[in-house]
Structure formats: structure tokens, C-alpha cells
1. Could we say that Pro214 is touching a residue at least 12 places away in the same chain (Cβ under 8 Å), of a type outside the set (D, E, K, R) and surrounded by fewer than 16 Cβ atoms within 10 Å (Cβ to Cβ) here?
2. So in region 32-79, with the set limited to residues that are among the basic types (Lys, Arg) and surrounded by fewer than 18 Cβ atoms within 10 Å (Cβ to Cβ), which one is farthest from Asp254 (Cα to Cα)?
3. Picking from Ile169, Ile192, Ile216, which residue would you name as being touching a helix residue (DSSP H, G or I) at 6+ places or on another chain (Cβ under 6 Å) and closer than 25 Å to Met288 by Cβ?
4. I'd like to know if region 109-119 contains one or more residues that are among the polar types (S, T, N, Q) and buried (at least 20 other Cβ atoms within 10 Å of the Cβ).
5. Specify which of the listed residues (Phe149, Phe180, Phe171) is at pLDDT below 95 and buried (at least 22 other Cβ atoms within 10 Å of the Cβ).
6. Name the single residue, out of those in region 152-168 being in contact with a Phe, Trp or Tyr (Cβ under 9 Å, 6 or more places away or on another chain) and either among the small types (Gly, Ala, Ser) or modelled with pLDDT under 95 (or both), that is nearest to Leu96 (Cα to Cα).
7. Return the residues of region 57-72 that are in contact (Cβ under 8 Å) with a residue 24 or more places away in the chain, touching a helix residue (DSSP H, G or I) at 6+ places or on another chain (Cβ under 8 Å) and of a type outside the set (S, T, N, Q); say none if nothing qualifies.
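The values are calculated or read from the model by the stated rules, or taken from the named source; none is laboratory data. What you are looking at is a predicted structure, and each value in this text was computed from that prediction instead of being measured. Note that we place each Cβ from the backbone using ideal geometry, even for glycine, and neighbour counts take in every protein chain shown.
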Amino acid sequence: MGGALAGACLWGKAHGEDKTPPLRIPLGTPASKVARLHSPHVVRGPTLQARHLREMLAQTLEMLTGKSSTAEAWVEILDHGQVVGLKFNRSGQAALGTSPALAEALIESLLEAGWAPHDIICIEAPPSVEAYYCTKRADPGYDREVTDFGSGSDRLATVLNQVDALINIPFLKAHNIAGFTSCLKNLSYGLIKHPARFHANGCHPFIADICALPAIRGKLKLCLVDALRMVFDRGPEPQSDTVFPAGTLIAGFDPVALDAAGLIFVNELRAGKGLAPLNKLPIGSGGMPYLARAHRLGLGIALPQGLQLIEKSL
């Protein structure tokens, strides 16, 4: 990811973002790789096929890194000895029912690659998973000091002080305020004390500004989007008629690119169901302003022409 201008623009300036020139990709910027793997076999009604999911995870990591084994892929992504935080999303977790199996697959993959349980911290993962694998316990609570992120301030989760690396594991969701959420919102609102304070104006510019903090962006090593079941309408809370068994994992290093690709994916599904798109991709004025803001801050690439999509089906 490129260099951030963390918190450089204040709230008033951000409000004028619709008057700024269209988004552009700086010359020489490499395409952001997005690996998307789909299987029609992994979701079986209310259950997931655990063995099949482990194979999906292995192949997704190998697609993303170009390595021939999962262990090599993890060494490409992380350093041995790093304390790794696995950041899940608690909201809607029980209804979607995919986090326990994916957490187990991730932890087992890391253990097989040489990481120890005490080097893994589960953040918002199902408690049963943490207990079973004896992973390191996350420190509860939030920093005493308030952190300024430009358009606001709040206390950051204490667990950020424990981890050297973050693996972000969000859902794909339609969102009744932000329009659509995945990687960036899970990284930002899931790691501050008062997320409800920052939902005005479609969560803009707060999502991007929080993600630009060094304590978050400097530790992010991988995004693995859980699109095994996704909320395609009237989110963020899952409802029986708005959850689709997509059977998909999406991985990349660029959270902005993964949000842009995820938005395309959700809108493709919505089009097939006769629904209007959630929003346009950010191309300067209009359309997902928090994504446009993240692009301008150098957090990643939000333009489709800047994505390198690698797709595979099992």
C-alpha cells in the first residue's frame, strides 16, 4: 500500500470532496492483486464443509502469493515470531455461521506453517475457537489516551499494542448507512471504543481516516474476506431473505482494492436478482465517498482498472 496522508484533510475539507478532480492512479503504481476463489461445494445448508474450506484457504493464499505451498505463502506474508491478530467481525457472526469454521482453518494453517498458539490472538472470533486452540488472550479494553485521526478522535483497542501483524477477516455486507462495507470498516470501527459516534455522512471520512492511523495500517498484512455467506441487501444485520451462500473467499494486501472488488461482486449478485446497485465505484464525485477518501489517502486502489483480479473455481 502507498504512503498515507494520515488525517491530513480535516472534516470541512473532506465535505468538499465531491468538488475535487476524479480519482487517478499515480504513474508506476502496480495493480492491486485480488484473489477470488469460489466453490459450490463448501456451503451445505446451515453447515460448512471444513475440509473443503481448508483447501479453499490454501489455494487462495497460494494464488495471491504465487507460492507453491501454503507454508511458503505464510512466510511471504508474515515473519516468524510476529504476534498475529486475527480480526474477525462480531456483528452478524452468529447468524451467518461461517466464522468458527474459517477461524479453525486459519489457525490450523498457521500452526502447520510453524506459528505457535501464543503467537496468535483472536479478535472478535468465537470464544470456543480461542479456548480450543489455546491462542494468546487479547487484552480487553481501550487505551487510556485518546488518538486523533484528523476528522475525529477516540480510544484505540488495547489489543493493537499486543500484535505485530493484523489479518483482517471481514464479511461482505450491504450497509444501510455506508452503503457497503467489508475490509475498511472492519479495520476501523472494530478497533475503536465509540464507533457509533462516526456514522454520520455515510461514515465518511471517518472510516478512511481511522484506517490511515499507523497503529492499524502499519500492521495490516493480509485481508481475507469471508464471502462464504454474504448480506446482499438491507444490511448490515443478516436476514433470512438477504443472505446468499456465495461460497467464496477473497484475499489481497490492499483493503481498498478488496472493498472495490467486493462492491463489484455484490452488485453483480444484486443485478441477477433485479436489484439496483448499492452504489457506484468511486470515480471522484459521487459513489462510496469513504472508498474515494481511502484511495486519496494512499491506502490502496479503488478504481477497477487498478485491480488485478485472479479468479478460480473448485
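1. Values: touching a residue at least 12 places away in the same chain (Cβ under 8 Å): yes; of a type outside the set (D, E, K, R): yes; surrounded by fewer than 16 Cβ atoms within 10 Å (Cβ to Cβ): yes.
It is true that Pro214 is touching a residue at least 12 places away in the same chain (Cβ under 8 Å), of a type outside the set (D, E, K, R) and surrounded by fewer than 16 Cβ atoms within 10 Å (Cβ to Cβ).
2. Of region 32-79, the ones among the basic types (Lys, Arg) are 33, 36, 44, 51, 54, 67.
Among the residues that remain, those that are also surrounded by fewer than 18 Cβ atoms within 10 Å (Cβ to Cβ) are: 44, 51, 67.
Working: Arg44: 30, Arg51: 28, Lys67: 18 Å.
Once the filter is applied, the top-ranked residue is Arg44.
3. Details: Ile169 fails: touching a helix residue (DSSP H, G or I) at 6+ places or on another chain (Cβ under 6 Å); Ile192 fails: touching a helix residue (DSSP H, G or I) at 6+ places or on another chain (Cβ under 6 Å).
None of the other options fit; the residue is Ile216.
4. Restricting attention to region 109-119, the residues satisfying the condition of being among the polar types (S, T, N, Q) are 109.
Adding the requirement that they be buried (at least 20 other Cβ atoms within 10 Å of the Cβ) leaves none.
No, because not a single residue in region 109-119 is among the polar types (S, T, N, Q) and buried (at least 20 other Cβ atoms within 10 Å of the Cβ).
5. On the way: Phe149 fails: at pLDDT below 95; Phe171 fails: at pLDDT below 95.
Selected residue: Phe180, the only one of Phe149, Phe180, Phe171 that is at pLDDT below 95 and buried (at least 22 other Cβ atoms within 10 Å of the Cβ).
6. Ala157
7. First, the residues of region 57-72 that are in contact (Cβ under 8 Å) with a residue 24 or more places away in the chain: 57-61, 63-64, 70-71.
Next, only the ones that are touching a helix residue (DSSP H, G or I) at 6+ places or on another chain (Cβ under 8 Å) stay: 57-58, 61, 64, 70-71.
Selection gives Leu57, Ala58, Leu61, Leu64, Ala71.
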